[in-house]
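Beneath this line is the structure, given in structure tokens, with notes to follow.
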Amino acid sequence: RSGSKRIRTLWWILTIGTVVTFIGGFIFIFGTGVHERDQAQTMPNVVGSVGGTSISQVELANATQTAVAQYQTQYGNAPAGRDLAILREQVWNNLLTERAIEAEAKRLGMTISDPEIVFAIRNTPPPDVAQNPTFQTNGRFDPQKWTQALADPSVNWSPLEDRLRRSLPGQRLEERVIAGVKISEPELQRLYDLQYEKAVATVALLPLDTAPIDSSKLNDAALNTYYEAHRADFSGPEQVQAEVVTVPRSFGPDEERIARNESEDIVKRARGGEDFAELARTFSEGPYADKGGDLGQDVPLSRLPPTLQPALASLPIGGVTDAIREGNTFFIFRLADRKVVANETLVRLSQIQKPIHPSQASMDKDAELIIKLRKEAAGGKLGAAAAAHQLPSVSTGWFAQSEYVPMFIQQPQIQAWAMTAKKGAVSRAYANEAGWVLAQVTDRREAGPRPFDAARDEVHRALELSLRQARPLATAQAIVDQVHAGQTLEAAAAQNGAAILKTAPFARTQPDPRLAVAPRAVGVAFGLPVGAVGPPIATANGVLVVRKDAEQPGSAAQFDSLRASLSQSLLSSRQRRFVTAWVQKTLATAKVEDNRQAIEDSQ
């Protein structure tokens, strides 16, 4: 530990964190860091557990800091805002997954022998170790360097041994889980056909009826009747409603003055001739500090905050702005370039950020308010509690896991929390640049058919579409009848005012772009005999009549040549889905406790 730089690097790698490796590409978490360790001092000693297996504050802090370092290595700057929030929550979820799998492997009595540990260390080091530059040559893992490192008597390898002793049972369990995943010959043939079998079709297209609709056909009774007849069409995933409150960060005049004075001093130094990039590296607390403040791209002037636009419009190239306060941060910009492209003014900027740091008294005041809000919110009263403290609250409306929720765009971890929380539960106070966000689940509904009131707008749209499809459907049926009576599709279409389009050869997985919105038409094109005409097909854009003109089946020789790649593609996809479902089930059945601090630390 006190030896060469290389030895210290090895020790840093090996004394920290572990994670189970899964096919789906879970992040490999290891590491240490001063900030996260400092933050850990304010957390409970055990921040959570899964199935009785605990997660310590040090493990969470180490894993988070390492993930931050990996992000910075990959993207060139430290994560901030939404990216940091996502990363922290991903770290937490990965640790939960790891512990759940460890507990399951232990329950099943899976163990790893010492020879297996030795073999794994020598031949398959963990990816985070293999990806470390210390063991790479020209960007690739170098087995010789790894072998030399293992032979170094000054390095204590026991932490790596302990890490693998914990993680390998989970990997063995994964292998057991996916061992039964098989691919049959008919499945391979089906995958090949989807990609390489082709059809050629002629399609008659009738547009939707655009005439005004009698309002009586869209009244409540009509909507209810349509809903009852098509109830299954209005199903959806599990959904949640939540109330959201933002608690702004408070500052005293002294804290604001300190940040302003520091910012103004930096402005004087920059204007006095000191290198702006070096000042940014030394003093900026923003995400681009390590790049000398350079934002890395031209920015449209019109998209910058209104408080900044006038200053940059008149600033000479190479000039430095005054310290400009935006929210809780002072910004200092240097204008590197200005140009006009397509009547849009673009500017190239470097920046220095100096946030206002609250005093301990201000932080204590905010914490006291948040604790009060969480207590007063018991019984589903977060909105009322916020109003009592003169804080606005906003209802999210119904949302699902994958739906876009504007108020969660910067903190998607709150949306993920809400999807698993019970009705009435109040979230942690999640920190952002402006303060903290609290949420309370106000209602939940299970996956399945939506109540009529919830689906009313969707029912209205569906019924209106069906009314606009009625006339062209009747006309399309007339075209089909005329074809069956001996006319050509082209003649019948012309007689009934339908447009004709002809496709080039297309596969099921890459249909003609004009049919991409009508998957049933694609299916009919492949299902019909050559020369046959299918039934009318109603779509959101009109009504179609499809005739199959030709088919181009794949060849046995091509199928044989692609068999291995198709098999691997299908097997990998199925294994990922299988493992993901298994992990989710394992987590769902395990008792998970989240004891992280109720108020997230400032970032």
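The dipole here belongs to region 366-454: it is taken about the Cα centre, uses +1 on the Cβ of Lys and Arg and -1 on the Cβ of Asp and Glu, and is about 320 debye. Protection proxy ranking of 217-227, 106-116, 405-415, by the mean of other Cβ atoms within 10 Å over each peptide's residues and highest first, is 405-415, 217-227, 106-116. Taking label positions 7 Å along the Cα-Cβ direction at both ALA311 and GLU458, the computed distance is 4.8 nm, reported to one decimal.
Working from label points 7 Å from Cα in the Cα-to-Cβ sense, the SER302 to ASN595 distance is 5.5 nm. To the nearest 0.05, how large is the calculated FRET efficiency for THR420 and ALA378 if R₀ is 25 Å and r is the Cβ-Cβ distance? Using R0 = 25 Å, I get an efficiency of 0.80.
Entry note, the chain: the mean residue ellipticity at 222 nm calculated from DSSP H runs of n ≥ 4, each adding -39500 (n - 2.57), is -15000 deg cm²/dmol after division by the residues and rounding to the nearest 500. Among the listed values (1) 15, 36, 27, 16, 7, 0; (2) 14, 34, 37, 14, 1; (3) 15, 44, 30, 9, 2, 0, the one matching P(r) over Cα pairs in 20 Å bins from 0, in percent as calculated from this structure is (2). On alpha-carbon atoms, Rg over Rh for region 175-316 using Kirkwood Rh? Here Rg/Rh amounts to 1.26. Directionally averaged projected area (region 512-603, Cα convex hull): 13.5 nm².
Counting 0.36 nm for each residue step from HIS230 to SER572 and taking away their Cα separation leaves a gain of 119.4 nm.
Computed over region 430-555, the Cα gyration tensor eigenvalues convert (square root of 5λ each) into semi-axes of 43, 21, 13 Å, ordered from largest to smallest. Where does helix 5-14 land angle-wise versus the long Cα axis of the chain, in degrees 0 to 90, nearest 10? The answer is roughly 60 degrees. Bridging of LYS291 to aspartates and glutamates at a Cα separation below 19 Å is possible for ASP83, GLU274, ASP275, GLU278, ASP337, once same-chain residues fewer than 8 apart are set aside.
Positive end of the dipole of the chain (Cβ unit charges, origin at the Cα centre): among HIS389, THR345, HIS460, the Cα lying farthest that way belongs to HIS460. Its alpha carbons give region 497-565 an Rg and a Dmax of 14.1, 50 Å. Placing +1 on the Cβ of every Lys and Arg and -1 on the Cβ of every Asp and Glu, with nothing else charged, gives the chain a dipole about its Cα centre of roughly 700 debye. In terms of the mean number of neighbouring beta-carbon atoms within 10 Å, the peptides 592-600, 160-168 order highest first as 160-168, 592-600.
The reciprocal of the average 1/r between distinct C-alpha atoms defines the Kirkwood hydrodynamic radius, which for region 31-178 equals 17.2 Å. Residue separation of LYS145 and ALA388 scaled by 0.36 nm, minus their Cα-Cα distance, works out to 81.1 nm of gained length. At q = 0.11, 0.17, 0.22 Å⁻¹ the log10 of I(q)/I(0) for region 420-497 amounts to -0.61, -0.85, -0.96, computed by Debye summation with a single uniform scatterer per C-alpha, solvent ignored.
May I ask for the angle, rounded to the nearest 10°, between helix 81-107 and the longest principal axis of the chain, with both axes built from Cα atoms and the value confined to 0 to 90°? That works out to roughly 90 degrees. Relative to the longest principal axis of the Cα atoms of the chain, the long axis of helix 253-271 makes an angle of roughly 90 degrees.
With the charge dipole of region 291-388 set up from +1 on Lys and Arg Cβ and -1 on Asp and Glu Cβ about the Cα centre, the Cα lying farthest toward the positive end among the listed residues ALA336, LEU308, HIS357 is that of HIS357. Averaged per residue, the chain has 51 square angstrom of accessible surface, using a 1.4 angstrom probe with ligands and nucleic acids left out. Here LYS423 is the anchor, and the lysines within straight C-alpha reach of less than 21 Å, apart from those fewer than 8 places off in the same chain, are LYS372, LYS375, LYS381, LYS591. In this simple spin-label model, placing a label point 7 Å from the Cα along the Cα-to-Cβ direction at both ALA557 and ARG107 gives a separation of 5.5 nm.
The values are calculated or read from the model by the stated rules, or taken from the named source; none is laboratory data. Remember, it's a predicted structure, so these values are computed and weren't measured experimentally. When we count neighbours, we look across all protein chains shown, and the Cβ atoms used for this are built from the backbone with ideal geometry, even at glycine. Keep in mind that these areas ignore ligands, DNA and RNA; they rest on the heavy atoms of the full protein, side chains included. Shrake-Rupley method; radii C 1.70, N 1.55, O 1.52, S 1.80 Å.
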